[in-house]
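The values are calculated or read from the model by the stated rules, or taken from the named source; none is laboratory data. Worth saying up front: this structure is predicted, and the values here are computed from it rather than measured. Cβ sites come from the backbone with ideal geometry, for glycine too, and all protein chains shown count toward neighbours.
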């Protein structure tokens, strides 16, 4: 019901420090850590979530834990497991309700299921935790388990909620009423935005933004040779000739017109290296806005012939543009049973499109059998993209935007709270007011495809913003302070 995750291939602080534009941030981190570490001696920190791969939390934890360990914190990672598949369907429902979506009728059957699985998970986690430790629980799945442990053990407990909505609705009220008894058991909570904090945690919550690791496989710089090699090895481009590295064991696969899946180079090259590319990379989730994004892109293409007054560059940019919708193979993510359904819905709409429009849309599933290969494919795909979109209806934060901004891509997001915390409109990227309006999406894409200099300016500003606010060093400093305060309060 709970297993320990070992950290591998982590980057050392000395490696970060050797890079000119990161060295100052590392020095500031070391200085702050030196004053806080004496109070953490003898206390272990346990980060608990519900999956070790797929999704933002599973990507956030390894570099965070690795840096904490190198600084001298005894930090560990536990993954909660549940044998009952109905549990993760329930927590996905709670996830959607917190975002203001879904069926708000939660009854005693749902409460009993959540209570029982949480009790079982708490017993499994208890085997690892000792009095005096700090338990940091991520999101609703293990929330109940952590609450039971906090009531039964002499530990400090922090709940890290990565999701939320900036307004109250019947759906959000139902979710928080369901979770209130568990959330209230914690000493402190962490949210991504003040708007997300529910009443039951008012006065006991801190804001910490998620952050990216600039030297991870997903975010590190890629030379042109490595970029082309990754794309070819992962079957995102045809092999240009003899390759130094072997093909990845499992290639990226692209939806074909007959509904089957084949390597992403079929039926033809997507054009990542020579066409204007618009990309969204996310989990297959209705709240990510994949469908209206595809509809908006198709509307832009379909209307091109009837538009007058376009200069040749603008017309050709739209004509050659292709949309890539990419995400993990849904079977690889244990705690998201909705993924298959969302992908199937996209495939159905794709099948109804005219062949000439199908040729300009690539629905791609990226292999998850190797975390490294998956991360490198995402990295290369984002770097090949002229525009990276995150068209979320709701978004807790949106690390896919942070990653693209770091790669100085032109980004287009929605007004979801997590995205507007990152993207300053017309300075770091564009924001769509209504992510369910294909016409607005088409107009924004058209603006960006028309103006290459604008895209370059947005990309430069976006990278600087991530450097200043959303790299791992700032996040670790805030976590150190919070953990130290939690132990002092205890």
ask   = Can you name every residue in region 20-41 that is within 15 Å of residue 471 (Cα to Cα) and in contact (Cβ under 8 Å) with a residue 60 or more places away in the chain?
value = 21, 22, 25, 26, 28, 29
ask   = Quick one: in region 256-276, which of the residues that are outside any strand (DSSP E or B) and in contact with a strand residue (DSSP E or B) (Cβ under 7 Å, 6 or more places away or on another chain) is farthest from residue 351 (Cα to Cα)?
value = 275
inquiry  = Going residue by residue through region 29-36, is there one that turns out to be assigned by TED's automatic domain parsing to the domain that holds residue 142 and under 25 Å from the mean Cα position of the chain (by Cα)?
reply    = yes
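Listed residues 247, 240, 263, 214; which is loosely packed, with under 14 Cβ neighbours inside 10 Å and modelled with pLDDT of 95 or more?
On the way: 240 fails: modelled with pLDDT of 95 or more; 263 fails: loosely packed, with under 14 Cβ neighbours inside 10 Å; 214 fails: loosely packed, with under 14 Cβ neighbours inside 10 Å.
It is 247.
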ask   = Within region 243-254, is even one residue out of contact with any helix residue (DSSP H, G or I) (no Cβ under 9 Å at 6 or more places or on another chain) and either part of a loop (DSSP other than H, G, I, E, B) or farther than 23 Å from residue 327 by Cα (or both)?
value = no
inquiry  = Need a quick list: strands (runs of 3 or more DSSP E) entirely within region 1-82 having at least 2 residues that are surrounded by fewer than 21 Cβ atoms within 10 Å (Cβ to Cβ).
reply    = 2-4, 74-80
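Determine whether region 124-137 contains at least one residue that is assigned to a helix (DSSP H, G or I) and under 21 Å from residue 176 (Cβ atoms).
Taking region 124-137 and keeping what is assigned to a helix (DSSP H, G or I), we get 124-126.
Next, only the ones that are under 21 Å from residue 176 (Cβ atoms) stay: none.
No, the conditions are met nowhere in region 124-137.
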inquiry  = Being more than 22 Å from residue 385 (Cα to Cα) and under 20 Å from the mean Cα position of the chain (by Cα) is the requirement here; does residue 421 meet it?
reply    = yes
key: Qualifying position, being in the same structural domain as residue 121 (by TED's automatic domain parsing), within 17 Å of residue 160 (Cβ to Cβ) and over 23 Å from the mean Cα position of the chain (by Cα), among 45, 26, 67, 57   = 45
key: Residues (in contact with a helix residue (DSSP H, G or I) (Cβ under 7 Å, 6 or more places away or on another chain) and over 22 Å from residue 110 (Cα atoms)) located in region 197-207   = 201, 206, 207
